[in-house]
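Peer 1: Next up is a structure, given as structure tokens.
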Amino acid sequence: MNDKLFAKLWNDALVQPQKDMYIAEYGYPDWFDDISSDMEKVFNTLGNIHDIAHMSVKDLISVSGLTQSDFAIKFCIPLRTIENWATQKRQCADYIRLSIARQLGLIN
């Protein structure tokens with residue numbers, strides 16, 4: 001999948017709260033030249049993008065298996081910022097969550 005397609009799918013996943021609706025919108029083989037023959041893989045890819053787009057920082061910390069302190073150190077983000085994001089006192093930018101998810105190997 002090229003970066004342009006991924007960016008479109010990511011941005012659309014952010015605004016579509018319903019995973020099934022999102023997959024129904026993009027689950028056509030012509031969107032995915034490299035995996036179009038495997039519809040299950042297309043659906044799994046779309047589901048993965050949607051799931052990651054809707055993960056909170058608290059979810060990312062949990063999936064990482066790290067403490068908030070270790071998470072802050074790993075990503076060079078002040079601990080207070082991580083705490084504020086995890087408790088939703090402040091909003092983490094979507095592109096930062098995406099970058100963290102990629103670093104954690106969650107995007108497939």
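Peer 1: Given an 8 Å cut-off on Cα distances and at least 6 residues of separation, report the relative contact order of segment 57-103 as a percent.
Peer 2: 38
Peer 1: For segment 1-20 and segment 50-97, what is the centre-to-centre distance using only Cα atoms, to the nearest Å?
Peer 2: The two parts, judged by their Cα centres, are 20 Å apart.
Peer 1: Would you mind counting up the charge near Ala13? Only other residues with Cβ under 13 Å from its Cβ, with Lys and Arg at +1 and Asp and Glu at -1.
Peer 2: Net of charged neighbours comes to -2.
Peer 1: Give me the three principal axis extents of the chain from the C-alpha atoms, as integers in angstrom, largest value leading.
Peer 2: 45, 22, 21
Peer 1: Run the helix sum for the chain: -39,500 (n - 2.57) per DSSP H stretch of 4+ residues, divided by residue count, reported at 222 nm to the nearest 500 deg cm²/dmol.
Peer 2: Helices in the chain give a 222 nm mean residue ellipticity of -19000 deg cm²/dmol.
Peer 1: Just for the Cα atoms in segment 57-103, what are the lengths along the principal axes, largest first, rounded to whole Å?
Peer 2: 22, 21, 18
Coordinate-derived values only; no laboratory data. All values derive from a computational prediction rather than experimental measurement. Because the Cβ atoms are built from the backbone with ideal geometry, glycine has one as well, and the counts that use them run over all protein chains shown.
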